[in-house]
Amino acid sequence: MNGKRNRIFKILPFVVAILIPLLLGLEVWQTGRYRKLQKEIRELENKQVELVEENKKLISDISVLSSSERIEKIAEEELNMHKAETKDIVRIEIKGN
């Protein structure tokens, strides 16, 4: 038993000497992955902000383009339409069976 213990104590420094650089290398690799993911997150957050701003602008454009005043102006000026007068309105009543 004592001989086994001596062999373990002789091998232990070599194992530690090999493990330390491996663990440091693993730490460097993990740090690189972490930084890459952080950069990707920042890019996605910036893209999200851009998309939200673009969406706000589009919503604003929709409200401007769909305003009744604008539609009425286009109907009158570009399509030569006018509001119907009471005498021009014809009501049709359809009776069921």
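For the stretch 52-70, the set of residues classified as open to solvent by 90 Å² or more (accessible area, probe 1.4 Å) and at pLDDT 90 or above consists of Glu53, Glu54, Lys56, Lys57, Ile59, Ile62, listed by residue number. Hey, any hits in the stretch 72-84 for a residue that's surrounded by 10 or more Cβ atoms within 10 Å (Cβ to Cβ) and touching a helix residue (DSSP H, G or I) at 6+ places or on another chain (Cβ under 6 Å)? Checking the stretch 72-84: at least one residue is surrounded by 10 or more Cβ atoms within 10 Å (Cβ to Cβ) and touching a helix residue (DSSP H, G or I) at 6+ places or on another chain (Cβ under 6 Å). Has the stretch 34-52 got any residue that is in a helix (DSSP H, G or I) and either touching a Cys at 6+ places or on another chain (Cβ under 8 Å) or aromatic (Phe, Trp, Tyr) (or both)? Yes, the conditions are met somewhere in the stretch 34-52. Screening Pro13 against (1) more than 46 Å from the chain's Cα centre (by Cα); (2) surrounded by 10 or more Cβ atoms within 10 Å (Cβ to Cβ) leaves a single unmet condition, (2).
The values are calculated or read from the model by the stated rules, or taken from the named source; none is laboratory data. In this text, all values refer to a predicted model and were calculated from it rather than measured experimentally. Virtual Cβ from ideal backbone geometry, glycine too; neighbours counted across all protein chains shown. Ligands, DNA and RNA are excluded from the accessible area calculation, which covers all protein heavy atoms including side chains. Shrake-Rupley method; radii C 1.70, N 1.55, O 1.52, S 1.80 Å.
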